[in-house]
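A short worksheet on the structure shown next.
The values are calculated or read from the model by the stated rules, or taken from the named source; none is laboratory data. This structure is a prediction, so every number in the text was calculated from the model and none was measured. Glycine gets a Cβ as well: all are built from the backbone with ideal geometry, and neighbour counts include every protein chain shown. Just the protein is used for accessible areas: all its heavy atoms, side chains included, with ligands, DNA and RNA removed. Shrake-Rupley method; radii C 1.70, N 1.55, O 1.52, S 1.80 Å.
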Amino acid sequence: MSNDRNKGLRYTRISYEDIERLLQVFSGRFDEILALKGFPRETGKHISNFTLIDIIVRVDKRKAYYQCFHGMEINECKEAALYAYWILKLRPFVITDTKYSKTTDACHINELFVIYFIGLVLESTGRIKQTTAIKDSYSRFLEYSFRFRSFSIDSFLVLIESISTETLEKEYPDLTERV
């Protein structure tokens, strides 16, 4: 039996233009979350473009996997969940400003970015009414879970796809009070 059966299956890398466009999107979204969290515009920050490129390629490869082996395109929610998963794993965003670097929001900036990013995508796809509907209790619940709980990539996709307006309307315990 020959091992050449699947030799023709090759991943075609995402274009540099698409990578550059996505880097700009993530940079813009990072600036938005910093402003929403009250960081001044001149706050020192760093985005590891090397890490973000790695994340973009990983997500693109997963999309190719779904296309090749399942014959399907992944929806925007799954794609956002893949980006969120890898952002939480690889942590490309950092607050470098010494005035703010020890604040809770600065220390949890990747979790906060993911919550904001997921909210934007869920809102744009109509899965939730508006990003302001992400109550503080649910946001804190997600932040704690993203920071301290383990998720497989597949369970993370299910988690993100299960978020709806009804999910956001519940009250969630503040898990940080137990620590």
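Distance check, please: which entries in LYS37/LYS89; LYS61/LYS89; LYS45/LYS99 exceed 19 angstrom between their Cα atoms?
Details: LYS37/LYS89 22 Å; LYS61/LYS89 17 Å; LYS45/LYS99 12 Å.
Among LYS37/LYS89; LYS61/LYS89; LYS45/LYS99, the Cα-Cα distance tops 19 Å for LYS37/LYS89.
Can you compute the equivalent ellipsoid semi-axes for region 76-132, i.e. the square root of 5 times each eigenvalue of the Cα gyration tensor, sorted largest first and rounded to whole Å? Before the final figure, lay out each step's value.
On the way: eigenvalues 124, 37, 7 Å².
Three semi-axes, in Å: 25, 14, 6.
Using θ = phi - 60° and the Karplus relation 6.51 cos²θ - 1.76 cosθ + 1.60, list the HN-Hα couplings for region 101-112 in order, rounded to whole Hz, with x at every Gly or Pro.
Residue by residue, region 101-112 yields 4, 9, 6, 4, 4, 5, 5, 10, 4, 5, 5, 5 Hz.
Measuring with a 1.4 Å probe in the full set of protein chains, what accessible area per residue, in whole Å², belongs to the chain? List each step's numbers first, then the result.
Values: 10870 Å² over 179 residues.
With all protein chains present, the chain gives 61 Å² per residue.
ILE74's amide H: which non-local residues (gap 5+, or another chain) put their own amide H closer than 5 Å, with H modeled 1.01 Å from N in plane and none for Pro or chain starts?
Here the answer is none, since no amide H 5 or more places off falls under 5 Å of that of ILE74.
What are the ³J(HN,Hα) values, in whole Hz, obtained from phi via the Karplus relation 6.51 cos²θ - 1.76 cosθ + 1.60 with θ = phi - 60°, for each residue of region 157-165 in sequence order, with x given for Gly and Pro?
Whole-Hz 3J(HN,Hα) from phi for region 157-165: 4, 5, 4, 5, 5, 7, 6, 9, 4.
At a probe size of 1.4 Å, how large is the accessible area of LEU112, to the nearest 10 Å²?
10 Å²
First measure r as the distance between the Cβ atoms of LEU9 and THR98, then evaluate 1/(1 + (r/R0)^6) with R0 = 45 Å and state the FRET efficiency to the nearest 0.05. Intermediate results must be reported in sequence, preceding the final value.
Working: r = 49 Å, r/R0 = 1.10.
It comes to 0.35.
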